[in-house]
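A short write-up of the structure that comes next.
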Amino acid sequence: MNPAGRTTEELLAEVARLRSRDLPVRGGQVTAYVYDTGRAEVHEAAARAYFELLEVNCLDPTAFPSVVELERQVVGAVADLLGGGHGIFTSGGTESIMLAVKAARDAAHDAAHRARPNLVLAVSAHPAFHKAAHYLGVEVVAVPVDLETYKVRARDVADAIDENTIMVVASAPSYPQGVIDPVEEVAAVAAAAGVPCHVDACVGGWLLPWLRAAGAAVPPFDLSVPGVTSLSCDLHKFGYAPKGASVVLFADPAMRRKAYFASAAWPGYTIVNATVQSSRSAGPLGGAWATLQALGREGYLELGRATLEATVRLREGLARIPGLRVLGEPESSLVAFAGDGIDVFVLADEARERGWFLQPQLSYAGIPANLHITVTGVTLAGVEDLLKVIAESAEAARERGPVVLPEGLVELVAATDLEALDEADFAELASSVGVDLRPEAGQPEMATVNAILDALPAAAREAVLVRFLSAVYAI
């Protein structure tokens, strides 16, 4: 920290320098993490509204009534689109999911004490449910997906439900392959067992209705489906709002109240929170509100049409590239493809060299390693360029061949007590497989790292990833 302080110009120049190694957030060449309308004026409106509300604190809505009105409008828009309900504006899908799990856990506890509450979900359900379960003392019962459709089967869900089940989960869509679980069937078996059913529509909630309007065949998935009791929908994904914007809806207002937290067991100010956070900026709420208002229904319809067309062209183009195949029949704009005779991790590195980021996904539960692409409103303008890069990268990966790991390396990593290593030792271990963790080193080739992770069991993967994150942030 500078003792004398620094000027605004100096600070912004430093931010620009630090961001020079970041992936671009506009233009569509990063096919994960960011969502771009291609309309600068919309993002500008959101940024300005975000800034205007930056210092407004959502902690006390009686002190800042603008928070109440903006949240009513934003949550109301989501409810209108997704079958009604009573909602809470949150910081993202993970928080929305955590609140849904808390509400189900507390409701179940009130009804009949469960010593070992559990969630029943597919292996393709987002890890945010595992995170919520970890924080809230809930077990996860994971069931397989059909390895042709990549969807969960309602009969497997029914078989997994027991007297300790507090919630069943369906995804619309599941992120890995972009397919929609049979929500009507899953919700029916949950209702028959007297168990709440949550639909994870964090990705699809503000996408699928517009794809349906553009002509896509989208099955029922929202709160209008009998048996669906809650739903999560991220506005910082296909709502194109700035990060930190999601909504969780509950069919029953009594269940929404179970998501709240209140405490009067202290002599200070009144504590009642709708979210996990207490103090939080209203900036994301303002940004989400402004984005919805700036785009309007017609804007989202046009984005839906462009997204659907780009997705169709991407899938058709991938089918023409030798050695690549799309996994399943995606009903959304999330597309995953695997390689036959092509190492997809090498392909991803080749694409990165050409300026495009494709998201690697490790093999799991019978699903092969693959690359994931999230098609957004801006993708259509560059879809042919994307396909050209994928084709070139696939050919280069074929010529390079798959990653060949040194004999015994995977076993060595699996057997290493990572907790016994300090940050320097772990950085040295990472360097031995070609990963330089120094900030100035930039983005390393990740094919070898992904190949190692892919060969490890899930628990070992998680241990490596935790140490990796710790080493990245080491001071």
- With the condition kept exactly as written, say whether any residue in region 104-115 is within 30 Å of LEU211 (Cβ to Cβ), part of a helix (DSSP H, G or I) and not small (Gly, Ala, Ser). no
- Note on the structure: Considering region 304-363, residues that are over 22 Å from GLY204 (Cβ atoms) and of a type in the set (Lys, Arg), and then whichever is surrounded by the most Cβ atoms within 10 Å (Cβ to Cβ), we arrive at ARG352
- Query: Pairs, please: C-beta under 7 Å, at least 6 apart or cross-chain, first residue more than 14 Å from VAL74 (Cβ to Cβ) and in region 284-310, second among the polar types (S, T, N, Q) and outside any helix (DSSP H, G or I)?
  - Reply: LEU303/THR37; THR307/SER333; THR307/THR376
- Item | region 157-204, residues that are in contact (Cβ under 8 Å) with a residue 24 or more places away in the chain, part of a loop (DSSP other than H, G, I, E, B), small (Gly, Ala, Ser) and more than 22 Å from MET98 (Cβ to Cβ) | GLY178, ALA193
- Note on the structure: Restricting region 239-266 to residues that are of a type in the set (D, E, K, R) and assigned to a loop (DSSP other than H, G, I, E, B), the one surrounded by the most Cβ atoms within 10 Å (Cβ to Cβ) turns out to be LYS243
- In region 398-437, anything of a type outside the set (A, V, I, L, M) and assigned to a helix (DSSP H, G or I) is listed as ARG398, GLU399, ARG400, GLU411, GLU419, GLU423, ASP425, PHE426, GLU428, SER431, SER432
- Message: Looking at VAL375, VAL389, VAL464, can you tell me which residue is in contact with a Leu (Cβ under 7 Å, 6 or more places away or on another chain) and in the same structural domain as LEU318 (by TED's automatic domain parsing)?
- Response: VAL375
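Among what's in region 364-379 and is within 21 Å of the chain's Cα centre (by Cα) and over 30 Å from HIS43 (Cβ atoms), pick the residue that is surrounded by the most Cβ atoms within 10 Å (Cβ to Cβ). Walk me through it before giving the result.
Of all residues in region 364-379, those within 21 Å of the chain's Cα centre (by Cα) come to 364-365, 367-379.
Filter once more, so that each one left must be over 30 Å from HIS43 (Cβ atoms): 364-365, 367-370.
Values: TYR364: 14, ALA365: 13, ILE367: 21, PRO368: 17, ALA369: 18, ASN370: 23.
Residue satisfying both the conditions and the ranking: ASN370.
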- Item | GLY382 at pLDDT 95 or above, at positive phi, surrounded by fewer than 19 Cβ atoms within 10 Å (Cβ to Cβ) and not assigned by TED's automatic domain parsing to the domain that holds LEU207 | no
- Could you tell me which residue of region 49-64 is nearest to THR275 (Cα to Cα), considering only residues that are assigned to a loop (DSSP other than H, G, I, E, B) and acidic (Asp, Glu)? ASP60
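Select, from GLY83, GLY27, GLY92, the only residue that is in contact (Cβ under 8 Å) with a residue 40 or more places away in the chain, within 30 Å of TRP356 (Cα to Cα) and either touching a Cys at 6+ places or on another chain (Cβ under 6 Å) or assigned by TED's automatic domain parsing to the domain that holds VAL203 (or both).
Details: GLY83 fails: within 30 Å of TRP356 (Cα to Cα); GLY27 fails: either touching a Cys at 6+ places or on another chain (Cβ under 6 Å) or assigned by TED's automatic domain parsing to the domain that holds VAL203 (or both).
Every option except GLY92 fails the conditions.
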- Message: I'd like to know if region 102-111 contains one or more residues that are modelled with pLDDT of 95 or more and within 24 Å of TYR33 (Cα to Cα).
- Response: no
- Can you spot a residue in region 198-212 that is among the acidic types (Asp, Glu), over 27 Å from VAL25 (Cα atoms) and not assigned by TED's automatic domain parsing to the domain that holds ALA306? no
- Output yes when any residue across region 389-397 is under 30 Å from VAL312 (Cα atoms), in contact (Cβ under 8 Å) with a residue 60 or more places away in the chain, of a type outside the set (Asp, Glu) and surrounded by fewer than 18 Cβ atoms within 10 Å (Cβ to Cβ), and no when none is. yes
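The values are calculated or read from the model by the stated rules, or taken from the named source; none is laboratory data. Keep in mind that what you see is a predicted model, and the values were worked out from it rather than measured. Ideal geometry is used to build each Cβ from the backbone, glycine not excepted, and the neighbour counts take in all protein chains shown.
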